[in-house]
Structure formats: structure tokens, C-alpha cells
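Report on one structure; see the data block that follows.
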């Protein structure tokens, strides 16, 4: 066993000892753990320090939006968890005779990305603690300082309530593929958010794992949409934290009757539509060797324009860069995820054509995640939900704010969105505290309910006969 494996083994042994302590906690004590971890990041001075560290160390996003993200996502999660049962009996159904008992999963390995080095670890830590688990964070190397600082803040809060530090730990620096792999193999559950390479490693490590699919969200604006409201939502979503979220729109599909008005509304809000030559220069910056470069990731539209040699565009101080697109796949890289305030525009003849365009985009990248819809026709959301390979349809909302749960929708607050089998995942929900639980079910006898053949096959027999 090499040095990384020995170090990880010792770390996990400490986590297991702490978890055995937590396993004896009652619900009130567990909820103290949750509150302590939540206040570690929500306290304004600590929140700002974490946001500033995140931007300084990763070079991704902006401080003010990270402060808002840390606050909103953590506060929303705490709201979801308030009053939720995660110790002892958590459900009882007299009709079925089933009683559900919450049990811990053990030690959780939380793999977290550089795009959200504060908010994502906090979310996973709080959910894990709600289930009386220990958790070890495996951050991206660039996000290590932020994650370590967060864990230090949590330990200080644990001191206030007398809880063991080893319930929450972070892999020592430098974080490597070897140390992360060793942690995945040593823990009881892996929860991986970030690159598809990390997700694949989680799914193949031999430990039960939850991973998320690739983001590449498309949004549709139809001819019945409130144009100004749609433009406001798109700008708010696509510019938030420099579009580092997997839930940020990467393509906008405009029905022809709405196209010109929506484009004017976006331009009035700081979007700049690039011409063909400018688009080519931007593509050279973003995909110099066919793979998305870090040169634009999480940067502002103004910085991206400068780096692409588009000085005239940069001088206008754009908030969003728009490019016309009509193709899909690797030969049309703007049809893929961009992780920056760059948005591809497609024009659709009608709603059927718009759905076909989104299907083509997701056939290349992003299947399973979600789709946005700006419309006055509510039934169109149902059409998308019945047809497209998506786990969420976000209607008339700022997509990157809404998809991971919001105070004005019913989705659970989360930074890990399952994408179903479409996205190579084993779940299609917003990840929440129940994913961090084992549940034991007690089954009691109930009166028999044996159906007759007629009750089961009646309609079949009536249509096809009994032979």
C-alpha cells in the first residue's frame, strides 16, 4: 500500500470512529450538526471569505455571485431539511403495513468541482450529516483551499456543540487522482459532481455511487412568451457567476415570430451578437484543439472578448456574447457546453421544429439534464416532458437559478442534478438528504388482497379474447 492509500486509510478510519458516535445521536442532536455546518458558511463574513478564496484560487466566476450562491443554496437546503425526519421511524403506512426506519450509509466520499468550491461541498456535507454520516471531501485541486477553509469553519462550529471534527474532513493537499481514487474505494458511498471523468471514475470505483450527467441546457422561447420577462430571465441565468453552473443555458431556440423581438431585448440588456468572423475568432479561443479550453471558462463576456482579440466588442463591455448556430456536434462546437457567458442562437419555424432542434443538441451533449421554456401556453411544457430526454422542464424561470431548487418552485435545493439513464446516471432527481440514507422497512401482515382473473385481465380479454 502506497503513501496516498495509507494516508486515506487513516483518514477514513477516523471518519468511521466519528460516524459511530453520530449514529447514536437523536434527531435533535443531528439537527444541531446540520445547523452548525450551515452557519459555518452562511455567516456573512465567512461566506465572503470563502467566495473571495474561490475566485482567487480557481480564477472562475465572480465574488458577489458566489456569495449569493453560497447563501441561497445553503439557506434553501436548510429550509428543505427543517422538520425532515432522518433518525428512527421516518414513515408509517397502516394500509400497506410498512414502517420505514432511517439508517446511516456510513462514510461518504464527496467529490466536488472547481466551479463551486464552497457551495457544493457545503451542500453535500449538510446532507450527509442529516443522515448521521461522516463525510470526506475530495475537492478539485484548484478548489482545495476553499474546501479546507470551509471544513475549518465547520470544525469551529462543531467545537461550540461538542461534535467530533472527524465527521467532516477533506483530502490533504495536493489532491491527486490516486488519492481521490483511494478515497472512493475506501468509503461506503461516493457522491460525485464535476467533470464526466470524475463521474465515470465514481461509477467504476467499486463503491456505490451517485454521479451527475453533462450539462448543456437548451431553452426555448416561443411566439407566446413575454419577451421582456424572458430576456430578463435568460440574462439573469446566463450571466450568474459567469455561467459556471451546469444549469446555465448554452443554446437558445427562438421560434421565428419571437426571434427579432427577443434578440433586441437581449441586446438592450447587454448582449452582443457576433458576426461570422468574430464567431470564428471566439471559436479559436474556446476550442483551440477541439476541446473546451480553460481560457473562457467562468470568465466575464468582456474578458472573453479581449482574449479572443475582439477589442471592439470588449470595449462595449458586453454581459453576454451571442452566436448564430444551425448545426450540431463536434463540427459545431457552439452546440455544446461552454461554461461561460456565450450563448448559441437557433431559429425554429414552429414549436415542433424547436423540439427537433433540442433533440439534436442533446443527441450531441446534455441529454437527461433539463430544458427551459418561455411561453404563454402551459400545455407546451407537458409536450416537452413527454418527448425530450430531460429530467426537468423549467417553465418561465431563470434556468440556472431554478433548476437546483428555488424559493419559488418545488424542486429540492441541490447542486447535484441527476440526469437519469439519458445522462448515464442511476437517478433523475435533484439529489437530496434521502439519497444519503439507508432505509430499513418493517413489513407487517395485512388483510389479503387477492385479485380475480377478471380484475387483472378483463380489458385484455374483452379486446382479444381468452385464448
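See the values below:
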{"item": "Wholly within the range 147-225, strands (runs of 3 or more DSSP E) carrying at least 3 residues that are farther than 25 Å from residue 400 by Cβ and in the same structural domain as residue 56 (by TED's automatic domain parsing)", "result": "168-170"}
{"item": "Members of the range 399-422 that are under 21 Å from residue 124 (Cβ atoms) and not in a loop (DSSP other than H, G, I, E, B)", "result": "400, 401, 402, 417"}
{"item": "Residue within the range 245-264 that is at pLDDT 95 or above, assigned to a helix (DSSP H, G or I) and on the phi > 0 side of the Ramachandran plot present", "result": "no"}
{"item": "Residue within the range 436-451 that is part of a helix (DSSP H, G or I), at pLDDT 95 or above and buried (at least 19 other Cβ atoms within 10 Å of the Cβ) present", "result": "yes"}
{"item": "So residue 53, is it under 23 Å from the mean Cα position of the chain (by Cα) and closer than 23 Å to residue 405 by Cβ", "result": "no"}
{"item": "Residue match in the range 123-136 (condition: within 20 Å of the chain's Cα centre (by Cα), buried (at least 24 other Cβ atoms within 10 Å of the Cβ) and under 17 Å from residue 57 (Cα atoms))", "result": "no"}
{"item": "Selection within the range 88-103 - touching a residue at least 12 places away in the same chain (Cβ under 8 Å) and surrounded by fewer than 23 Cβ atoms within 10 Å (Cβ to Cβ)", "result": "88, 89, 90, 95, 96, 97, 98, 99, 100, 101, 103"}
{"item": "Number of the condition not met by residue 231 [criteria: (1) out of contact with any strand residue (DSSP E or B) (no Cβ under 8 Å at 6 or more places or on another chain); (2) surrounded by 22 or more Cβ atoms within 10 Å (Cβ to Cβ); (3) touching a residue at least 40 places away in the same chain (Cβ under 8 Å)]", "result": "(3)"}
{"item": "Residue within the range 407-416 that is surrounded by fewer than 21 Cβ atoms within 10 Å (Cβ to Cβ) and free of Cβ contacts under 8 Å to residues at least 12 places away in the same chain present", "result": "yes"}
{"item": "Tally of residues being in a helix (DSSP H, G or I) and in contact with a strand residue (DSSP E or B) (Cβ under 8 Å, 6 or more places away or on another chain) across the range 109-146", "result": "9"}
{"item": "Residue match in the range 356-369 (condition: in contact with a strand residue (DSSP E or B) (Cβ under 7 Å, 6 or more places away or on another chain) and in a strand (DSSP E or B))", "result": "yes"}
{"item": "Count of the range 192-202 residues which are touching a strand residue (DSSP E or B) at 6+ places or on another chain (Cβ under 7 Å) and either under 19 Å from residue 392 (Cβ atoms) or free of Cβ contacts under 8 Å to residues at least 60 places away in the same chain (or both)", "result": "2"}
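The values are calculated or read from the model by the stated rules, or taken from the named source; none is laboratory data. The shown structure was predicted, so the numbers you read here are calculated from the model rather than taken from an experiment. Backbone-built Cβ (ideal geometry, glycine too); neighbour counts: all protein chains shown.
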